[in-house]
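The values are calculated or read from the model by the stated rules, or taken from the named source; none is laboratory data. Since we're looking at a predicted model, the values are computed, not measured. Quick reminder, even Gly has a Cβ in these numbers, built from the backbone with ideal geometry, and neighbours come from all protein chains shown. Ligands, DNA and RNA are stripped out before the accessible areas are found, and what is left, the full protein with its side chains, is counted by its heavy atoms. Shrake-Rupley method; radii C 1.70, N 1.55, O 1.52, S 1.80 Å.
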Amino acid sequence: MKFKRLAAAVMAATMCGSLFVGCGNAKKDDTAAGEEKITATIKVWGCAEDQADENGKWLQTMCDQFNSEHPDWDLTFEYGVCSEQDAGKIVPQDPENSGDVYFFANDQLQTLVDANAIAKLGGETADYVKKTNSDAIVDSVSVDGAVYGVPFTTNTWFMYYDKSKFTDSDVKSLDKMLQKDKVAFNITEGWYMSSFFLANGCTYFGKDGKDNSAGVDISGDKGTQATQAMVSLVNNPNFVNDLQGVGIAGLRDGSVGAYFSGSWDYKSVKEILGDKFGAVSLPTVKIGGKDKQMLAFAGSKAIAVNPNCKYQQVAVALAKYLGSKDAQKKHYELRGVIPCNTELLATDEVKKDALVTAQNDTFNKTSVIQPTVTGMNDYWAPAQNFAKAIVNGEITADNAAAKTQDFYKQINTSIAK
């Protein structure tokens, strides 16, 4: 479930490519009375977890239900394994032979639009998206006012913690937590590291994140102070750099009291902590001598329709169905995928879930919508290298200004304007 860029693209391409069967493999019977008769083979690409036996084969189950609810359509589904984070890499390579309906992470939206690999959604489907989601969610799947996906979950990260080690007051401040126990944070991953820059007023591609020419503004004191705060964090004896599962392993053996991650780790963390389980939105952190609210990149995952699919009517209806309230409810029950449907979020079952509260509080209060412009693709690798230099001691409080300025120049030179 991780909303990250790192993925085994070659493996995903192999798995997806094994199921290339055209949506055009279909026929109509226009002479039938009533609704138009359609017989079609539809390719549906989703992550392996949604198709696994242990998760109730959510995707296959939903597609079968969809089929039964459309008696005039005789549909055969060809399933491909292609995760949301891989879609932006795989689908643009060969849109015509990719999934007719597929799942994607919204940070890939502009790439998919540029490749003519994703269809605009209009009419009642676009209206449905707007009526059943928050404005921020709708905006996350829109370009120039046009809706391109049916959202089914929010995506961001928050903080898990051991309630026996931290109080409700402690978890509001990262600095207070570091005075009491060890905290694991993946500083060397740009997705997490960026929270310090965002907290101190730095901007990514303009105020709304949609101006590619604006680049990443971490210049001046705001960037330097954020870098110094990261240096201070790394030098704190209670800081644990969360690499290769160190954080969650620390929760398991008791050597770590808190861990920043997302809903994909919920089952493991809940099993480890039991009654001591805690989950909250992001704390504040000292930057430039002041408490600043940490801000996570956030977005959504959604269902897309391939514009190359011959039977758009079927593909659009299926995408809407897979992102519907009932489908999201089943997704939540089977895999713990947090819904974004506003009506479902208002139910008692969902509202009382600490996991849902932590993710939604983060999305609504302590996050910034991750830019979908293509320039973000040129940010991640330099950001990771910059963070590694902090961890390795190459960047210090003394040289933070110069190093941050170098980083600023590097990322904005590489970004295609």
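Legend: calculated FRET efficiency, E333 to T39, from the Cβ-Cβ distance at R0 = 51 Å, rounded to 0.05, equals 0.95. The apolar share of the surface of the chain, taken as the fraction of accessible area on carbon and sulfur atoms (1.4 Å probe, ligands and nucleic acids excluded), comes to 47 percent. For the residue pairs K89/K330; K130/K310; K163/K329, the C-alpha atoms sit no more than 31 angstrom apart in every case. Between D127 and A389, the simple spin-label model (points 7 angstrom out along Cα→Cβ) gives 5.4 nm.
Probing with 1.4 Å while keeping every protein chain in the model, the per residue accessible area of the range 201-327 equals 39 Å². Of the peptides 242-249, 330-337, the order by per-residue mean of other Cβ atoms within 10 Å, starting with the highest, comes out as 330-337, 242-249.
Per DSSP H run of at least 4 residues, take -39500 (n - 2.57); add these up for the chain, divide by its residues and hand me the 222 nm value, nearest 500 deg cm²/dmol. Present the calculation step by step, with values, prior to reporting the outcome.
On the way: 18 runs with 166 residues, N = 417.
Taken over the chain, the calculation gives -11500 deg cm²/dmol.
Extending 7 Å from Cα along the Cβ direction at A249 and again at T61 yields two label points whose distance is 3.4 nm.
About the Cα centre of the chain, how large is the charge dipole given +1 on each Lys and Arg Cβ and -1 on each Asp and Glu Cβ? Please answer in debye to the nearest 20. The partial results should precede the final answer.
Details: 42 positive and 52 negative charges, 236 e Å.
That gives a dipole near 1140 debye.
Along the axis of the charge dipole computed for the chain (Cβ charges of +1 for Lys and Arg, -1 for Asp and Glu, origin at the Cα centre), the listed residues Y259, G215, T167 are led at the positive end by T167.
Would you mind calculating the relative contact order of the chain from Cα pairs under 8 angstrom and at least 6 residues apart, reporting the percent as a whole number? Intermediate results must be reported in sequence, preceding the final value.
Values: 810 pairs, mean separation 94.4, N = 417.
Relative contact order here is 23 percent.
Which of rounded, prolate or oblate describes the range 216-335 when judged by the alpha-carbon gyration tensor and an a/c cut-off of 1.5? Cα axes put the range 216-335 in the oblate bin. The distance between label points at N238 and K351 comes to 3.5 nm (points 7 Å beyond Cα on the Cα→Cβ vector).
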